[in-house]
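Report on the following structure.
Read-outs: derived from the displayed coordinates by stated rules, not from any lab. Predicted model, so just to flag it, every value in this text is computed and none were measured. Heads up, the Cβs are rebuilt from the backbone with ideal geometry, glycines too, and the neighbour counts pull from every protein chain shown.
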Amino acid sequence: MTDERCHCGQPLHYTNPEIRTVVDRLIAAAGSRFVPIISDGRAWYVDRHYIALHGIATADLPALGFRELFVCPSCRRVSFNPTDLRERYCGACHTWVQ
Ligand SMILES: [Zn+2]
Ligand SMILES: [Zn+2]
């Protein structure tokens, strides 16, 4: 796993190997390298390594190029289905939302 890259394009650029160990353990325990971050009614699937290395400013999220997820404005459920995002359909409410 030496070719793992940060979302910024660099190889994982940890300066403190202990922090990398902590993040790697977290990813192994959570089962996913990505975590949904919700901001202002929208959500993005953000790289945990990127968060550890860059921090996360929610105002920057739309510009960072992470995959956007759909958040239902009424029940707040996050959907990983790209069709739901495109059509603004909530599988929990069983309806299309504004
Ligand atoms: Zn980076
Ligand atoms: Zn809903």
- line: In degrees, nearest 10, the alpha-carbon axis of helix 17-30 is tilted away from the dominant principal axis of the alpha carbons of the chain by 40 degrees
- prompt: Hey, if you put +1 on the Cβ of every Lys and Arg and -1 on every Asp and Glu Cβ in the chain, which of F70, A52, G9 ends up farthest toward the positive end of that dipole?
  reply: F70
field: Helical mean residue ellipticity (222 nm; -39500 (n - 2.57) per DSSP H run of 4+; nearest 500) of the chain
entry: -8000 deg cm²/dmol
query: Of all the Cα-Cα pairs you can form in the stretch 17-96, what percent are over 16 Å apart?
result: 55 percent
task: Please turn the phi angles of the stretch 77-84 into ³J(HN,Hα) values with the Karplus equation 6.51 cos²θ - 1.76 cosθ + 1.60 (θ = phi - 60°), one per residue in order, whole Hz, x for glycine and proline.
output: 5, 9, 10, 8, 7, x, 5, 4
field: Net charge over other residues, Cβ less than 13 angstrom from the Cβ of H7 (K, R count +1; D, E count -1)
entry: +1
